[in-house]
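The values are calculated or read from the model by the stated rules, or taken from the named source; none is laboratory data. What you are looking at is a predicted structure, and each value in this text was computed from that prediction instead of being measured. Heads up, the Cβs are rebuilt from the backbone with ideal geometry, glycines too, and the neighbour counts pull from every protein chain shown.
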Amino acid sequence: MSSYAARRTALRQALQAADLDALLVTNLLNVRYLTGFTGSNAAVLVDASGDDASVFCTDGRYLTQSAKQVPDLERLIDRPCDTALASRAKGRLGFESHHVTVDGLDELTAAAGKVELHKAGGLIEKLRLVKDEVEIEALRMACAAADRALAALIGHGGLRAGRTEREVARELESRMLDHGAEGPSFSSIVAFGANSAVPHHSPTDATLHTGDLIKLDFGALVDGYHSDMTRTLVLGKPADWQRDLYDLVARSQAAGRDALEPGVKVSDVDHASREVIEKAGHGGDFLHGLGHGVGLEIHEAPALSKAGAGTLSAGMAVTVEPGVYLPGRGGVRIEDTLVVRESGPELLTLTTKELVVV
C-alpha cells in the first residue's frame, strides 16, 4: 500500500467515526497529502467504503500529470471540481468547512441536491499532526538542504563586513536551491546588529559591521515539506553581554528540546523552556511561543505555547525556538526542527548550536 493509500485508509476510519459516507476534500494541501497531486486545481471525493468508490478530479491542463501522480483512483476531468464531485456523492457528505467560502457552500448545496452536507473541517489536519516515515524523510532532506546552505554561506565568506541583509538573504536562498531545495520555506529573516532584536525582521539594506549579532531564520522546501531553523552568530569577537545572552537562550532551547516526549502537554514544553529565561529576569523579552508544527505548511499544529492545547504524540514534527530580544541592542534566537520519538526527540537540523564567530 502506498503512503497515500494508507492515509486515505486512516481518513476512512475518521469518516466512519463521524458517521459520514464521504468527504469532499478541496484544500489543495490536503489533496496532495491524500493523493500526491501537486497541481493548482483539484479535489477528491474520499468514500468511506473504499478507494473503488472514491474519485479524484482536476481539469484538462493536468491530464498527463494526474495520470502519473494519481494512478490509483478514478479520475474525473471537469471543472469546477468541487461541484462536479458533490453531484456524484450519496448519503452524508462531509466538506472542509474551514476552507469552503460562504458562496462556495451555496454552490455545493445546489450541486449536492438531496445529499446531506455536514461540516467536517479539520479531519485531515488531525491526521497530519503525526507524520509517517515518508513525510519525516522529506523533512529530513529539507533540513539537510538548509544545513548545507548555511555551511556554504559561512565557508565562502558570505558573512563579512559591508554586506547587506538583503544580499545575505538572496545568497542563502540561492544556496538552498544548490543543495536540493525546491525553494525557501518562507521569506528568510536576516537581521544584523540591533535589527536582530526584532523577532520577524524583514531584510533591508542595513550593512554588517564587526561586533554585530547575525540572526538567520530560514528553511528549505523539499517534496512539499518545510524545514525551519534559526541560528544566531556574531561577526568578530563577541561582547560579554552577547555571549551571556546566547548562553541563556541555548540553555532555554536545550530545556525545550529535552521536554519533547509523547504524552507531554504542549504548554508544559513551552513552560520548561520559558522558565529558564524567566528565572534569568528576561521573561518579558521572550516575545512569542516556543514553537510550532511543521510539514506541508511552515506553521501548522501543534502550537507549543502558553495557550497551546493538547499533548505530544510520537511522530509529530515541531520546532523549538526560544528567543530573547533587547530593543536597540540585539537579540538571540536558536531554533531546531525535531521529531517527537518514544526514545527521545530526533534532531533534524544539525548545524552546531555553539556560538559561531565569523
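Computed values, structure above
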{"item": "Entirely in segment 258-328, the strands (runs of 3 or more DSSP E) that have 1 or more residues that are touching a helix residue (DSSP H, G or I) at 6+ places or on another chain (Cβ under 6 Å)", "result": "300-304, 317-320, 323-326"}
{"item": "Residue match in segment 199-219 (condition: touching a strand residue (DSSP E or B) at 6+ places or on another chain (Cβ under 6 Å), within 19 Å of GLU335 (Cα to Cα) and part of a helix (DSSP H, G or I))", "result": "no"}
{"item": "Residue in segment 261-319 that is surrounded by the fewest Cβ atoms within 10 Å (Cβ to Cβ), counting only those that are acidic (Asp, Glu) and touching a residue at least 12 places away in the same chain (Cβ under 8 Å)", "result": "GLU275"}
{"item": "All strands (runs of 3 or more DSSP E) inside segment 1-80 with 3 or more residues being buried (at least 23 other Cβ atoms within 10 Å of the Cβ)", "result": "22-25, 42-47, 55-58"}
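The rows are residues; the columns are (1) surrounded by fewer than 21 Cβ atoms within 10 Å (Cβ to Cβ); (2) of a type in the set (A, V, I, L, M); (3) touching a strand residue (DSSP E or B) at 6+ places or on another chain (Cβ under 9 Å).
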| residue | (1), (2), (3) |
| --- | --- |
| LEU108 | no, yes, yes |
| LEU117 | yes, yes, yes |
| GLY121 | yes, no, yes |
| VAL134 | yes, yes, no |
| MET141 | yes, yes, yes |
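Quick grid of which residues meet (1) assigned to a helix (DSSP H, G or I); (2) small (Gly, Ala, Ser); (3) touching a helix residue (DSSP H, G or I) at 6+ places or on another chain (Cβ under 6 Å):
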| residue | (1), (2), (3) |
| --- | --- |
| GLY121 | no, yes, no |
| ILE136 | yes, no, no |
| MET141 | yes, no, no |
| LEU153 | yes, no, yes |
| VAL168 | yes, no, no |
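Yes/no matrix, rows are residues, columns are (1) basic (Lys, Arg); (2) not assigned by TED's automatic domain parsing to the domain that holds SER87:
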site	(1), (2)
GLY113	no, no
LEU123	no, no
GLY157	no, yes
ARG160	yes, yes
SER174	no, yes
SER185	no, yes
ASP212	no, yes
